[in-house]
Amino acid sequence: MNMKMKSLLAGTTLALLMSTAAHAGDVRIMWYSDGVEGEVMKDLVGRFMKENPGINVILDNVSYGVVREQLPVQLEAGNGPDIARVAQIKDNARHWLDLRPLVKDPKYWDDNFGAQADWMRPDGSNQISGFMTQITLTGGFANKTLFDQAGVEIPGPKATWEEWAAAAKKVKESQQVSFAMAIDRSGHRITAPLLSYGANYIGKDGKPAPLDKGAKDFLTKFVDWNQDGSFSKDVWVSAAGNTYRAAAEDFINGQLPFYYSGSWQVANLATKIGTNFDWVATGSPCGPATCTGMPGGAALVAIKYTKNPKEVAQFMDWFAREEIVKEFSERTLFLPGHKAVVAKGGLDFKTDNALAKAALTKFVDASKTTSETALKLPAWRWSDTFYAAIVTRVGQTIAGELKVDDAFARIDADIAQKVKDAGQ
Amino acid sequence: MSTTTNTSRLGSLLMAPVHLLMRIIDVPLRAVQKATGISGMAAFFLAPNMLIFGIFVLLPLVINFVYSMTGGTAFFLAERNFVGAEQYSRLFTCGSYLDPMSCQEDAFWTAVGNTFWFVILQVALMIGVSLITALILNRDLAARSFWRAVFFFPVLLSPVVVGLIWKWILQRQGLLNFGLYQFGIEPYTWLTDRNWTFAATIGVSIWAHMGLYTLILLAGLQAIPKDLYEAAEMDGTKPERVFRRITLPLLAPNLLVVVVLALIKAVQIFDEVYVLTGGGPGTSTLYLTQYIYETGFASALRNPGLAAAASILMGLVLVVLTLVQLGIGQRGEKKGKR
């Protein structure tokens, strides 16, 4: 082979390598958005790259469904992005990278993100996996304009689910809207009222306990409310399995007096509702046991299959800085998960929407009544299993395929089978 | 004369690289032929295709079968434990196969039942509608090409787009209800009523795929010699008899292709239904492919071994359908030769 041919082959090989392989120094982030945070993140990533010209950050904006359904498969296959924004934090903890030996100051991370560190690391480890980009709390939203037009008073802070159902039903009948209430098709969301009714998912041995009276009481009521048209049946029967469905669109379109979702919806509602009608955050309705929402949130975690761990840690260090977390929270209207940011207060949420500001204040207040069990669940390995079984079987019950008691038996059996499959 | 010479020269010039290439590969090919004989050359030419087929079809099939014999929640085979036929036994643990709720894996049997009825109804309706459309399009219509394009257009759409279009039409605040409301008719929840939703998945899949089948049947209709119809007309044969005695028998090979393609496509139904109904309400439009996808990947209760077992069973059904088609095809060929 002559020199010319060799040079040609070498050039072609180099061109192919450059076109397919990731550069050393590339950091790929899988990101999903509920509201405006994608735009904010894009801006912050741009600033990071200006300050760190050797690192090329690629921000892949994907739907929540991709993060929820496709990322776990990529991770199980030992692939995936370098960093991801995730809501299923604990269930995939074995795939997160331990940043402790890589970050500049592990103590800073422990001090400021330590409260939620267990949510995202394998049980019994002291790993630093990432940090919460937002702390969320489930809670309700009421369409104040519909309540006012119907002449129905918005139930007070200690009102029960029954009182909310009765009031919302009156509004529905008066204002001729399709449904009185809706709750997202999500095991996480419906867990809040279940806990308010006294449910406790965690058995004495730390494994899932069978459904108890509290859980059964609320689920029975919930099915009845769906059958009598109080709750929007569309949301819970609109899919098989544990597919997630939000009911935000009906609320945004002014068709729902009461919507149970969470604090992450504030920016979305503020942007999309605008001045169409007045709305308020209500906190979580009460049950016989307590009045609690479910905490949660989205975390930015490093993936252990990354080829560029140093660059990943450098980005995480930059993004976890106090002033960046504060700016991110203020611009996205998210509640921060950074201890110093929360302690210092003075968050100036960047919105001129008084309704959004009031809603955020309401969620901060509501977080003070979060129950002990609710605080444990995000760090509990079997939460997602419980959520999936409840959504699947309750969805079938509302669709008329199962009786309530059969659904309870199936939920227990599904969870027991999953525990068995996992070899526990 | 000079034009012919120029054309010939141009042709030779253009073909020169081809001739050169042929000469280059001629030497090794002759060597292979010498070593393996004429019959070995067939295997030599088939080898690249068989290699691709082996890597991308046979190997995944074997791996899938191995997966179906393993348990646990991990994806890597090395991290999974051998459980023998336990996943199959789990799928077949049933009080009564006619009552999915009596089965351990109730969702699997619901999906089997739904897929069975979907295949029966959708394929029958698909063939009926495609045949009628092809017969109409075969006549001397005004703007015939335009109408052919209209019926073929949905075939070009991505199944996700098909699902979204129909979701926007059928959802509670969708186009259909808006239209009905204009005529004073109460809006209806088409996508949350289990009977309507099942019918909707059949209707939408027919709309999306009938264009292709219509085209195949239309090609068959146009291949039927016109003189047969002219002879029948001269004999005063009734149109129904012409259809039964001339059109249907001569269209049989095309119909067989359509039946087989439609059957296989119907068993594999997934994308447009997943977007349109998500398998709901409840599990009323949960079909086998979605069950396998959710069990293997999407659900927090996922079990890759169980999904692999279900997909092996589905594969067996498809093999049986294909063998039946081959059998019918060969019988038809033999009859034709007689």
Original post:
Expressed as a whole number of Å, what is the distance separating the alpha-carbon centroids of region B:103-157 and region A:111-156?
Top reply: 47 Å
Original post:
Tell me, in nm to one decimal, what length is gained between B:Leu175 and B:Glu79 on full extension, where the rule is 0.36 nm per residue of separation less the Cα-Cα distance?
Top reply: 29.5 nm
**OP:** Under 1.5 on a/c is rounded, so check that first for region A:299-424, then, if it is not, pick prolate when a/b is larger than b/c and oblate when it is not; a ≥ b ≥ c are the square roots of the alpha carbon gyration tensor eigenvalues.
**Re:** oblate
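Please compute the contact order of region A:326-424 in relative form: average sequence separation of alpha-carbon pairs under 8 Å and at least six residues apart, divided by the residue count, as a percent. Write down the numbers at each step before the final one.
On the way: 44 pairs, mean separation 16.4, N = 99.
Answer for region A:326-424 is 17 percent.
Order B:41-47, B:9-15, A:148-154 from most to least packed using the mean count of other Cβ atoms within 10 Å. Walk me through the numbers on the way to the answer.
On the way: B:41-47: 11.4, B:9-15: 9.9, A:148-154: 14.7.
The packing order, highest mean first, is A:148-154, B:41-47, B:9-15.
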Subject >> For residues of A:59-69, the mean tally of beta carbons on other chains within 10 Å >> reply: 1
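Assuming R0 = 60 Å, can you tell me the calculated FRET efficiency for the pair B:Phe45 and B:Asn6, based on Cβ-Cβ distance, to the nearest 0.05? Display every interim value, and only then the final one.
Details: r = 37 Å, r/R0 = 0.62.
Efficiency at R0 = 60 Å is approximately 0.95.
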**OP:** Quickly work out the B:Phe297-to-A:Tyr305 label distance, labels modelled 7 Å from Cα along the C-beta direction, and quote it in nm with one decimal.
**Re:** 1.3 nm
Original post:
In terms of the Cα gyration tensor, with a ≥ b ≥ c the square roots of its eigenvalues, is region B:12-68 rounded because a/c is under 1.5, prolate because a/b exceeds b/c, or oblate?
Top reply: oblate
Subject >> Farthest positive-ward along region B:251-338 dipole, Cα basis, beta-carbon charges - from B:Ile312, B:Ala252, B:Ser299 >> reply: B:Ala252
Subject >> Potential extension, B:Ile55-B:Val161 segment - 0.36 nm per residue separation minus Cα distance >> reply: 35.0 nm
**OP:** Using Cα centres only, tell me the gap between region A:245-307 and region A:27-64 in whole Å.
**Re:** 23 Å
Original post:
From the backbone phi of region A:160-165, what are the Karplus-calculated ³J(HN,Hα) couplings (6.51 cos²θ - 1.76 cosθ + 1.60, θ = phi - 60°) in whole Hz, Gly and Pro given as x?
Top reply: 8, 4, 5, 5, 5, 4
**OP:** Just add up the charged neighbours of B:Phe75: K/R +1, D/E -1, any other residue whose Cβ is under 10 Å from the Cβ of B:Phe75.
**Re:** 0
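Below 10 angstrom from the Cβ of A:Glu322, what's the summed charge of the other residues (Lys, Arg +1; Asp, Glu -1)?
Values: positive: A:Arg321, A:Lys326, A:Lys339, A:Lys344; negative: A:Glu323, A:Glu327.
Neighbour charge sum, excluding A:Glu322 itself: +2.
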Subject >> Where labels lie 7 Å past Cα in the beta-carbon direction, separation of A:Asp26 and B:Phe153 in nm >> reply: 4.0 nm
Original post:
Considering amide H positions built from the backbone, and no H for Pro or chain starts, which residues 5 or more places from A:Gly262, or on another chain, come under 5 Å of its amide H?
Top reply: A:Gly139
Subject >> Those Cys residues of the protein assembly as shown for which no other cysteine Cβ falls under 4.7 Å >> reply: none
**OP:** Could you give me the percent of Cα pairs per 10 Å distance bin for the protein assembly as shown, shortest bin first, beginning at zero and ending with the bin that holds the maximum distance?
**Re:** 2, 11, 18, 21, 19, 13, 8, 5, 2, 0, 0
Original post:
What is the P(r) of region B:221-338, as percent of Cα-Cα pairs per 10 Å bin from 0?
Top reply: 11, 27, 23, 17, 14, 6, 1
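Provide the net charge surrounding B:Tyr293, with neighbours chosen by a C-beta distance below 13 Å and charges set as Lys +1, Arg +1, Asp -1, Glu -1.
Numbers: positive: B:Arg302; negative: A:Glu69, B:Asp271, B:Glu294.
Charge balance near B:Tyr293 sits at -2.
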**OP:** Please sort B:232-241, A:38-47 by packing, taking for each peptide the average over its residues of neighbouring beta carbons within 10 angstrom, highest first.
**Re:** A:38-47, B:232-241
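Could you tell me the relative contact order of chain A? Use alpha-carbon pairs under 8 Å, at least six residues apart, and round to a whole percent. Mind dumping the intermediate values first?
Working: 735 pairs, mean separation 102.4, N = 424.
Relative CO of chain A lands at 24 percent.
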Subject >> Calculated FRET efficiency for the pair B:Ala219/B:Arg30, C-beta based, R₀ 56 Å, to 0.05 >> reply: 0.85
Original post:
Could you give the distance between the Cα centres of region B:252-316 and region A:335-407, to the whole Å?
Top reply: 34 Å
Original post:
Which of the peptides A:280-291, B:168-179 is most tightly packed, and how do the rest follow, judged by the mean count of other Cβ atoms within 10 Å per residue?
Top reply: A:280-291, B:168-179
Original post:
Roughly what percent of Cα-Cα pairs across region B:106-337 reach past 25 Å?
Top reply: 52 percent
Subject >> Long-range HN-HN contacts of B:Val83 with modeled amide H, under 5 Å >> reply: B:Thr70, B:Gly71
Original post:
Please state the relative contact order of chain B as a whole percent: Cα pairs under 8 Å, 6+ residues apart?
Top reply: 23 percent
Original post:
Label point 7 Å out from A:Asn79 along Cα-to-Cβ: which residues of region A:26-58 have amide N under 20 Å?
Top reply: A:26-32, A:58
Subject >> Per-residue mean of C-beta atoms belonging to partner chains within 10 Å, peptide B:281-288 >> reply: 6
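Would you tell me the mean number of C-beta atoms belonging to other protein chains that fall within 10 Å of each C-beta in A:231-238, as a whole number?
Working: counts 0, 2, 3, 8, 1, 4, 12, 11.
Mean partner-chain Cβ count within 10 Å for A:231-238: 5.
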**OP:** With label points built 7 Å along Cα→Cβ from the Cα atoms of A:Lys104 and A:Lys207, find their separation and express it in nm.
**Re:** 4.7 nm
Original post:
About the Cα centre of the protein assembly as shown, what is the dipole size in debye to 20, counting +1 per Lys and Arg Cβ and -1 per Asp and Glu Cβ, all else neutral?
Top reply: 2300 debye
Subject >> Under 5 Å, built H, 5+ apart or other chain: amide partners of A:Ile58 >> reply: A:Val27, A:Arg28, A:Ile29
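Throughout, read-outs are computed from the coordinates displayed, never taken from laboratory work. The model shown is predicted, which means the values in this text are computed figures rather than measured ones. Virtual Cβ from ideal backbone geometry, glycine too; neighbours counted across all protein chains shown.
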